[in-house]
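Notes for the one structure printed next.
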Amino acid sequence: MTHCDVVVLGAGASGLVCAAQCAKRGRRVVVVDHADRPGRKVRISGGGRCNVTNRRVRAEDYVCANPHFVKSALAQDPPKRFLAFLAAHGVEAVEADHGRLFCVPGAAAVVAALLREAEEVGVSLALGESIREVSATDNGFHVHCRTRSYASRSLVVATGGPAWPRIGATDFGLRLAEQFGLRVFPARPGLVPLRASEDLVGFCRELSGISLPVRVVVEGARVPDSIEDALLFTHRGISGPAILDASLYWVPGRHLAIDLLPGRDIGEMLAQSPRREIRNALAAALPARLAELLCRRHGWSGQAGNLPKKQRLVLERTIHAFPFLPSGPEGLDKAEATLGGVDTDGVSSKTMEAKAVPGLYFIGEVLDVTGRLGGYNLQWAWSSGFVAGQRA
């Protein structure tokens, strides 16, 4: 039995930040992970570019049963702290569209910086260690792993959610929370492609691989800002940044209204090409294949200048609010994040400590906190890990 002050379960984004912060306070810290390499999800985030945070991070950009829960952690650890940390390690972040900040050298540089800091402050890593049993004791916790066991005063659960199982993600942290009596909301796929209903599957399949900028409205949802980004047609439905973002707010039975030409005056566009076939006039702004299929689906034909006003208005409404009823989301294996998780009502928003179990902390994606696309989920990992690291 190895005795220490803090055991962190999970060597991901939140776990590594938390471990370093604990060690800076003089705590003896061990990070346990069943994977052989730390920072698995960080390494592949943003296609390897690592969208480390966002220039504008607000509580409204997170989906949580308690919309106020994230405020304290984000205030204690705003994006500028992590950006300063990266800069101190020679890692530059550059801003892209929608305030997204990416790491210039790539995701591996972010993981290297996290590991360098952890090593400098004396954090011990126990990698490739599957966890067999976790239990509470009179003095803290016991963690029994494949080859060794640990006794600690504090236990931090930073195991993430079950999204992206191909990189080793599991629901272990959710089961552990239930073991200690915390309520857990069922895990659901978030930031995930949406499958098309039967009447649109063929339409999407014919357009598979085509991408275009859109604006998406989710029926009945309160979204803090309009969702404007790229949509990608797939052989099963729709994907792309706009759809992944919209998936956080979509519920079964609700339509999406997709503006296929945001900011464009379609009537004026048609009037400028009165002698062109409607599909060709639309193809001046839309992908040609999409323009053709829309015309075929809705029976729009003839020259643009001969289109009756009533039909033109229908055409404009259809293109600016193309109705899409998803049959459902793709599964957790295709999701970039997990919706649901440990109910935040049972966790202190200021410390991340379980209210009913002193010394037990939950951070990162294992909690019922899911950020929008664009660096928000990694920022939550940094912030929640930082906050727990000041107390655990």
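The values are calculated or read from the model by the stated rules, or taken from the named source; none is laboratory data. Worth saying up front: this structure is predicted, and the values here are computed from it rather than measured. Glycine gets a Cβ as well: all are built from the backbone with ideal geometry, and neighbour counts include every protein chain shown. Note: areas computed on protein heavy atoms with side chains; ligands, DNA, RNA excluded. Shrake-Rupley method; radii C 1.70, N 1.55, O 1.52, S 1.80 Å.
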Handout entry: Paramagnetic label zone (point 7 Å from Cα along Cα-to-C-beta, Arg166; backbone N under 14 Å) in region 189-203
Key = 193
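Counting only C-alpha contacts under 8 Å and six or more residues apart, can you give the relative contact order of region 71-197 as a whole percent? Kindly include the intermediate steps, with their values, before the conclusion.
Working: 99 pairs, mean separation 11.8, N = 127.
Relative CO of region 71-197 lands at 9 percent.
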Exercise for the section: Name the residues whose placed amide hydrogens come within less than 5 Å of the amide hydrogen of His255, ignoring near sequence neighbours (fewer than 5 apart) on the same chain. Expected result: Glu219
Handout entry: Long-range Cα-Cα pairs in the chain (distance over 41 Å), rounded percent
Key = 23 percent
Handout entry: Quarter of the Cα convex hull surface for region 61-210, i.e. its orientation-mean projected area (nm²)
Key = 14.0 nm²
Practice task
Check each of the trypsin sites (Lys or Arg not before Pro) in region 98-172 and keep only those in coil by DSSP with at most 13 other C-beta atoms within 10 angstrom; list them in order.
Solution key: Arg146, Arg148
Problem - Rel. contact order, % - alpha carbon contacts under 8 angstrom, at least six apart, the chain - result: 25 percent
Exercise for the section: Would you please give the residues with an amide H less than 5 Å from that of Thr234, counting only those at least 5 places away or on a separate chain, with H modeled from the backbone geometry? Expected result: Gly209, Ser239
Exercise for the section: Report in % the part of the accessible area of region 241-392 that belongs to carbon and sulfur, leaving out ligands and nucleic acids; probe 1.4 Å. Expected result: 49 percent
Handout entry: Free-standing Cys, the chain [no other Cys Cβ under 4.7 Å]
Key = Cys4, Cys18, Cys22, Cys64, Cys145, Cys204, Cys295
Problem - Pair-distance profile P(r), taking every C-alpha pair of region 272-392, with 5 angstrom steps and integer % - result: 2, 9, 14, 13, 7, 6, 6, 7, 7, 8, 7, 6, 4, 2, 1
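How big is the Kirkwood radius of region 160-269, worked out from every pair of different alpha carbons and given in Å to one decimal? Intermediate results must be reported in sequence, preceding the final value.
Values: mean 1/r = 0.0625 Å⁻¹.
Across region 160-269, the inverse of the average 1/r is 16.0 Å.
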Practice task
Binning at 10 Å from 0, report for region 352-392 what percent of all alpha-carbon pair distances ends up in each bin.
Solution key: 30, 50, 17, 2
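Compute the whole-percent fraction of alpha carbon pairs in region 1-58 spaced more than 18 Å apart. Before the final figure, lay out the partial values.
Numbers: 763 of 1653 pairs.
Pairs farther apart than 18 Å: 46 percent.
If we sort 75-84, 370-379 on the protection proxy, mean other Cβ atoms within 10 Å, highest first, what's the order? Intermediate results must be reported in sequence, preceding the final value.
Details: 75-84: 16.2, 370-379: 26.4.
Order by mean packing, descending: 370-379, 75-84.
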Problem - the chain, helix-only ellipticity at 222 nm - DSSP H runs n ≥ 4, -39,500 (n - 2.57), divided by all residues, nearest 500 - result: -8500 deg cm²/dmol
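Could you sort the peptides 338-344, 381-387 by per-residue average Cβ neighbour count (10 Å cutoff), highest mean leading? Kindly include the intermediate steps, with their values, before the conclusion.
Details: 338-344: 24.1, 381-387: 28.4.
Highest-to-lowest ranking by the protection proxy: 381-387, 338-344.
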Completion exercise
Output ordering of 209-218, 24-33 (per-residue mean of other Cβ within 10 Å, highest first) is 24-33, 209-218
Fill in the blank from the handout: The answer for GluC sites (Glu not before Pro) in region 92-150 that fall in a DSSP coil and have at most 15 neighbouring Cβ atoms within 10 Å is Glu92
Handout entry: Cβ-based charge dipole, region 101-178, positive-most Cα from Pro162, Leu174, Ser152
Key = Pro162
